[in-house]
1. Quick one: in segment 265-294, of everything that is part of a loop (DSSP other than H, G, I, E, B) and of a type in the set (S, T, Y), which residue is surrounded by the most Cβ atoms within 10 Å (Cβ to Cβ)?
2. Which residue is farthest from L329 (Cα to Cα), if the candidates are limited to segment 200-240 and must be touching a residue at least 24 places away in the same chain (Cβ under 8 Å), polar (S, T, N, Q) and assigned to a loop (DSSP other than H, G, I, E, B)?
3. Scan segment 524-539 and give yes if some residue there is over 22 Å from the mean Cα position of the chain (by Cα), in the same structural domain as F459 (by TED's automatic domain parsing), in contact (Cβ under 8 Å) with a residue 12 or more places away in the chain and surrounded by 21 or more Cβ atoms within 10 Å (Cβ to Cβ), otherwise no.
4. Hey, any hits in segment 309-318 for a residue that's charged (D, E, K, R), free of Cβ contacts under 8 Å to residues at least 12 places away in the same chain, surrounded by fewer than 18 Cβ atoms within 10 Å (Cβ to Cβ) and within 25 Å of V136 (Cβ to Cβ)?
5. Within segment 62-114, which residues are assigned to a loop (DSSP other than H, G, I, E, B), under 30 Å from Y530 (Cα atoms) and touching a residue at least 60 places away in the same chain (Cβ under 8 Å)?
6. Please enumerate the residues belonging to segment 405-435 that are aliphatic (A, V, I, L, M), assigned to a helix (DSSP H, G or I) and more than 19 Å from V151 (Cα to Cα).
7. Looking for whichever is more than 27 Å from G563 (Cβ to Cβ), modelled with pLDDT of 95 or more and more than 27 Å from the chain's Cα centre (by Cα) here; the options are I447, I469. Which one fits?
8. Can you work out which of the residues in segment 136-168 that are in a loop (DSSP other than H, G, I, E, B) and in contact with a helix residue (DSSP H, G or I) (Cβ under 7 Å, 6 or more places away or on another chain) is surrounded by the fewest Cβ atoms within 10 Å (Cβ to Cβ)?
Amino acid sequence: MLYMMMRINLKTTLLILIVAAVSSILTTWNNCGSLFLKTGEWKTQLQHKEKIGNEPGYQEIDCYINGGYSIGCRKEGDEVYIPFSFIHKYFEIYGKLATYDGLERFEWLHSYSKIMSPKGKYDPRGVFMTFENYNVEVRERVKCISGSDGVPISTQWESQGYYYPTQIAQFGLSHYSKNLTEPDPHRKFIEDADRYKQNWIIPQGSVVTRIFDKQCNSNVMKYATPETSVSGISLRLDHVLDFLLKFDLNTKDNGSITVALQSREKKETYYLHYTTSNIVLRTYNNHIYYGIGQLHHQWRCLTRDLVIDLQKGLYLNDKSKKKLSRSKLKVVRITLYGSGMIDNMTLSTSEHMEQFYDAARWLVANQNVTSGGWANPVRRKLAAGMAILEPGWYSSMGQGHAISVLARAYYHSGEEKYLQAANRGLRPFRISSNKGGVAALFLNKYIWYEEYPTTPSSFILNGFIYSLIGLYDLKSIAKGKDTEEATKLFEQGMSSLKNMLTLYDTGSGTTYDLRHFTLRTAPNLARWDYHSTHINQLLLLSTIDNDSIFTNTAERWIGYMNGKRAAHN
């Protein structure tokens, strides 16, 4: 166990011993720089474990905790050594041993999360918060990236998988942000029938020609294999590092493309099959199948992260499987089956804008054009005492994120369909949460946009602020009348936030929501990662609204992450 020295008066009450632990530990650390914590022992720079065991004055004693139970401690004179493993759990304090310049030291942290201060004024056309650091597709609760739509399929609340609009929008926003912050990708052209023509291996009975296609206005590679062919038309490769496969495909409904990847260490080969079917994801040993849907002789651009596709497939049947490192894989073969046309095939380090537009297109195609909402197709129970949300509910956070994606897609492409969908996305903000919208009232006075439109209302903080950012993005990018409603909704939401913000302050952290008010129950304390999200959101808002409540509150909440507490009366 790790032991921490604390100065106490043994005649004082045992309760004071525990309460004094935190402040005394910090003082000891500052004054005793030569003392280091180590599991099961105390150690100085000049002492050895054997000497410590024989040091006169050390005594094993019991520490009695709040009259309820006891733990083993050590005593030296008036000093008491309490196990850090106990302090960690009791006070939710975090610590670890670290070595610097050959010397060990113990690092003490009150929070496991970090603050990402904005680099300047928030730009609705630029990076979305700190989403350049998000990797939505690698999350365990993402089953895979859909072959037919190119967006995440979530297992967050249902194991079979479903489309979760909030997660899809986050996927889009992360790739948009990465495109602005990462270097330009390295890209290798494989086949485009013009400048890059490969020597495909064509078995007997198969055909490859290069023709001009009017729809593409360029030459394309046309291919066909017999239905009974098991070998297909193949291209041998020995390609490393670039695993983003992108290609345009026009095929009949019985075709597939297979990509073979090989482990560079074990020489084991894995096969990714992209088939013209409606399956989501299936795995048989080292063969992984993704359905890309029925193309019906229409051109479609597909973008696949081969390593993500491989890892999700292997994880599907064996959750203990270790992730395969990109540096230890290579692409060794691409094989075409069926008949169709293919063009613009590349392997690259990234294709962020392609993946961003996959999300934007999904949001346009899957919006309810009447209500303007993106429905969540799963049941959701937020807390005991709150009514269950039945499939089809809308989320202010999902609406806000989607609007942030669409506003950027409109800015980047100039296509009106994105702006029109973003404007329709405002409609649920006008409708009460108990009537299918997302608007709730606090104390019949302050309008709040509900992440989960529960009964009674939950008033979740981070989801509400995300919805405000979406409204701000739209009002900033749209023009004329399109900005009026977004501006009105944004301003009334900001007014509510300024009046309600301190209700989430516990004096040592924040609450996730206000269920302690609506349900009259214990507060739902925010985890440190949610607490830091609250701070990051306030810091962003402070760059677009100079009201001191944002900076003052953010500064106080940052203090809580460093062990500060509100003053006693």
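The values are calculated or read from the model by the stated rules, or taken from the named source; none is laboratory data. Just so it is clear, the structure is predicted and the values come from calculations on it, not from any experiment. As a convention, Cβ positions derive from the backbone with ideal geometry for all residues, glycine included, and neighbour counts pool all protein chains shown.
1. Going residue by residue through segment 265-294, those that are part of a loop (DSSP other than H, G, I, E, B) are 265-268, 276-281, 285-286, 292-294.
So of that shortlist, the ones also of a type in the set (S, T, Y) come out as 276-277.
Numbers: T276: 23, S277: 19.
By that ranking, first place goes to T276.
2. If we take residues in segment 200-240 being touching a residue at least 24 places away in the same chain (Cβ under 8 Å), polar (S, T, N, Q) and assigned to a loop (DSSP other than H, G, I, E, B), then Q215 is farthest from L329 (Cα to Cα).
3. Residues of segment 524-539 that are over 22 Å from the mean Cα position of the chain (by Cα), as a first pass: none.
Checking segment 524-539: not a single residue is over 22 Å from the mean Cα position of the chain (by Cα), in the same structural domain as F459 (by TED's automatic domain parsing), in contact (Cβ under 8 Å) with a residue 12 or more places away in the chain and surrounded by 21 or more Cβ atoms within 10 Å (Cβ to Cβ).
4. Our first condition is that a residue be charged (D, E, K, R); within segment 309-318, this holds for 309, 312, 318.
Within this subset, residues satisfying the condition of being free of Cβ contacts under 8 Å to residues at least 12 places away in the same chain are 318.
Retained after the next criterion (residues that are surrounded by fewer than 18 Cβ atoms within 10 Å (Cβ to Cβ)): 318.
In the following step, the residues that additionally are within 25 Å of V136 (Cβ to Cβ) were identified as 318.
Looking through segment 309-318, at least one residue is charged (D, E, K, R), free of Cβ contacts under 8 Å to residues at least 12 places away in the same chain, surrounded by fewer than 18 Cβ atoms within 10 Å (Cβ to Cβ) and within 25 Å of V136 (Cβ to Cβ).
5. As a first pass, look at segment 62-114 and keep what is assigned to a loop (DSSP other than H, G, I, E, B): 66-68, 77-78, 92-93, 101-102, 110-114.
If we keep only those that are under 30 Å from Y530 (Cα atoms) as well, we get 92-93, 110-114.
If the condition is that a residue be assigned to a loop (DSSP other than H, G, I, E, B), under 30 Å from Y530 (Cα atoms) and touching a residue at least 60 places away in the same chain (Cβ under 8 Å), then I93, H110, S111, Y112, S113, K114 are the ones that fit.
6. From segment 405-435, those aliphatic (A, V, I, L, M) are 405-407, 409, 419, 421-422, 426, 431; that's our starting set.
Now narrow it down to the ones that are assigned to a helix (DSSP H, G or I): 405-407, 409, 419, 421-422.
Within segment 405-435, L419 is the sole residue that qualifies.
7. On the way: I469 fails: more than 27 Å from the chain's Cα centre (by Cα).
Answer to the selection: I447.
8. Let us first name the residues in segment 136-168 that are in a loop (DSSP other than H, G, I, E, B), namely 139-141, 146-151, 155-161, 163-164.
Applying the additional criterion that residues be in contact with a helix residue (DSSP H, G or I) (Cβ under 7 Å, 6 or more places away or on another chain) yields 149-151.
Details: D149: 18, G150: 22, V151: 27.
Ranking the qualifying residues of segment 136-168, first place goes to D149.
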